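The structure appears right after this line, and notes come after that.
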Amino acid sequence: MEKSLPKYRSVIIRTASYLYILLFVHASVSKLLDFENFRVQLAQSPLLSAYAGLIAPAVIALELLLVLLLCFKATRLAGLYASFFLMVSFTVYIYLILNFSDFVPCSCGGIIEQLGWTEHLVFNLAFAALAVVAIVLAEKAKGTHAGVVLFKSVLPSLAAAGIVVGLFLSSEYIIKQENNFIRRFGQHPIRDEKSLDLGANSYYFAGMADGQIYLGNTTAPLILTIVDTALTTKKSIKIRLDNTGHPFRFIQAQVKPPHFYLYDGTVPVIYRGQLGDSLARTISLEDCYFSQLQVTDSLNFVFRAQSSQSKSQVLGRLHLHQNPKVSLNETLLEKQLDGMFDTDGQLLRDDVAGELIYVYTYRNQFLVMDRELNLLRKLHTIDTTSRAQVQVRALSDGRHKMDAPPLQVNKTQAVHGQILFNASMLMGKFESREQWKRATVVDMYLTGKQEYLGSFYVHGRGKNKLSRLFATDKHVFVLSGSEIVRYRFAQAVARHFKTGEAENLEQSRQ
């Protein structure tokens, strides 16, 4: 075929073929030598995350096949067509990333690793144009009509573009709503790290008021520590109780402006004090026993307790000015095994949205409720553990005991503005085990609907990893060992927050 062409046309066809061979050989060999990393990079793609396991080997095999086609004169034209279609697919892929993706991932490596995504787009367009020129020259030598060449080029190109768009749409749906445990890490979702040494590792987040973070302390339960959000100042308040004659076991503090609360569900007792004052007065005594408590307003509380009838954990409400004061919802927490360990979890309050969240510890589910404990939504995390994997033995006195360490799915959480931040205990597909040893993965979910937003790593502070989380409009605060660490959210994360209308309305009522 090429002998019948003028010399310069034959040179153009061979040059285009050799350049594609060089590109595909380098790209495929690079991917093979570091296949696991290539598959991880594909898993982070905002377009192809759900298909990383299939596409990774398929791309390498296709590139090597094209090299073989381009090496031989008899198959070179077919190789040029196929190379053009593949380059069209890559170009459409980059265009979608730049214009329709939730985030732009890190650029790929290989022969053009120094190029950004826009430069990649220009590079691909140039190579696609080179293939078109070579195809037209080769077809002209065969006497093929121009309309036939156009038909053979355009329709398969549209099909290739359609496949990429289809993969994008279906992958987005799978990753966000029907995830098969593939995490997506955006570019720098948190940044601007700052820390403050608290001097002890026994602190926990009690709440926030007037731009200041309040910390409780498990070893000094009557001390409330206040830290500014810039992490520059720290001061402590010694709380005075109007009655200390109780057999306390586990006193905890919680702040909901304009009050702070101290409580111990084993007594049971709840104290309330005014922020700015150190005195806390008893507002509830022996109304109900509880293991967790969330303040909904100054007179109403939501708690978790053990039902005296079913012996399972239940959620309930405490109304200080109603009769009866206590109401239980026996159906919210779904029993799978014993009703105690299998329903274990963390009760959270979202002041911005005016909602309550319950995140199960040993399964991939969380509940979204209003302040009256009406179930609004039942959602799930992206891991696949839908049933609690705990081995429980009932004792003669009615208590339950674990026979083996359980599979912990969710570690600790924070919620703010209808975004749940969940520190996961399980490694997803295509993730680095070395990274897991050094950092904690925090997954983000909408609580208004079933949607996974993405994940980020919180690296450990020396030997200490993340123990607790607290989120605001601009920052996520982390307790790690004796330090409190502040990270700033990137705009890609902050834009998902619900506005503070519910919180402002509540504060105006108090």
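Screening segment 465-500 for residues that are part of a strand (DSSP E or B) and of a type in the set (Lys, Arg) and picking the one that is farthest from Ala439 (Cα to Cα) gives Arg488. Here Gly448, Gly398 are screened, and the one residue that is assigned by TED's automatic domain parsing to the domain that holds Arg468, at pLDDT below 85, part of a loop (DSSP other than H, G, I, E, B) and not charged (D, E, K, R) is Gly398.
Considering only segment 250-303, state which residues are part of a strand (DSSP E or B) and polar (S, T, N, Q). Gln252, Gln254, Gln274, Thr282, Ser284, Gln292, Gln294, Thr296, Asn300, listed by residue number.
A quick yes/no check of all residues on (1) touching a Lys or Arg at 6+ places or on another chain (Cβ under 8 Å); (2) aliphatic (A, V, I, L, M); (3) without any contact (Cβ under 8 Å) to a residue 12 or more places away in the chain:
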site: Asp277; (1), (2), (3): no, no, yes
site: Ala280; (1), (2), (3): yes, yes, no
site: Asn300; (1), (2), (3): yes, no, no
site: Arg304; (1), (2), (3): no, no, no
site: Lys311; (1), (2), (3): no, no, no
site: Leu315; (1), (2), (3): yes, yes, no
site: Leu318; (1), (2), (3): yes, yes, no
site: Pro324; (1), (2), (3): no, no, yes
site: Glu330; (1), (2), (3): no, no, no
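As an exercise: evaluate Tyr289 against (1) surrounded by fewer than 19 Cβ atoms within 10 Å (Cβ to Cβ); (2) in contact (Cβ under 8 Å) with a residue 60 or more places away in the chain; (3) under 27 Å from Leu215 (Cβ atoms) and give the number of the one condition it does not meet. Failing condition for Tyr289: (2). Within segment 329-349, can one find any residue that is in a strand (DSSP E or B), surrounded by 19 or more Cβ atoms within 10 Å (Cβ to Cβ), over 32 Å from the mean Cα position of the chain (by Cα) and not charged (D, E, K, R)? There is no residue in segment 329-349 that is in a strand (DSSP E or B), surrounded by 19 or more Cβ atoms within 10 Å (Cβ to Cβ), over 32 Å from the mean Cα position of the chain (by Cα) and not charged (D, E, K, R). Does Asn410 fit the bill of being in contact with an Asp or Glu (Cβ under 9 Å, 6 or more places away or on another chain), surrounded by fewer than 18 Cβ atoms within 10 Å (Cβ to Cβ) and farther than 16 Å from Ala494 by Cα? Judged against the criteria, Asn410 is not a match.
Kindly check whether there is at least one residue in segment 182-198 that is farther than 30 Å from Gln450 by Cβ and of a type in the set (A, V, I, L, M). Scanning segment 182-198, I find at least one residue that is farther than 30 Å from Gln450 by Cβ and of a type in the set (A, V, I, L, M), so the answer is yes.
Yes/no matrix, rows are residues, columns are (1) closer than 22 Å to Ile283 by Cα; (2) aromatic (Phe, Trp, Tyr); (3) more than 30 Å from the chain's Cα centre (by Cα); (4) modelled with pLDDT under 95:
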residue: Val154; (1), (2), (3), (4): no, no, yes, yes
residue: Asn179; (1), (2), (3), (4): no, no, no, yes
residue: Gln187; (1), (2), (3), (4): no, no, no, yes
residue: Thr219; (1), (2), (3), (4): no, no, yes, no
residue: Ile226; (1), (2), (3), (4): no, no, no, no
residue: Asp242; (1), (2), (3), (4): yes, no, yes, no
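Hey, Glu483 hits all of (1) charged (D, E, K, R); (2) modelled with pLDDT under 85; (3) in contact with a Ser or Thr (Cβ under 7 Å, 6 or more places away or on another chain) but one; which does it fall short on? The single condition Glu483 does not satisfy is (2). Note on segment 1-98: enclosed helices (runs of 4 or more DSSP H) holding 2 or more residues that are modelled with pLDDT of 85 or more and out of contact with any helix residue (DSSP H, G or I) (no Cβ under 7 Å at 6 or more places or on another chain) are 7-33, 52-71. Considering segment 429-443, the residues that are of a type in the set (A, V, I, L, M) and buried (at least 22 other Cβ atoms within 10 Å of the Cβ) include one that is nearest to Leu348 (Cα to Cα), namely Val442.
The values are calculated or read from the model by the stated rules, or taken from the named source; none is laboratory data. As the structure is a computational prediction, the values presented were derived from the model and not from experiment. Glycine gets a Cβ as well: all are built from the backbone with ideal geometry, and neighbour counts include every protein chain shown.
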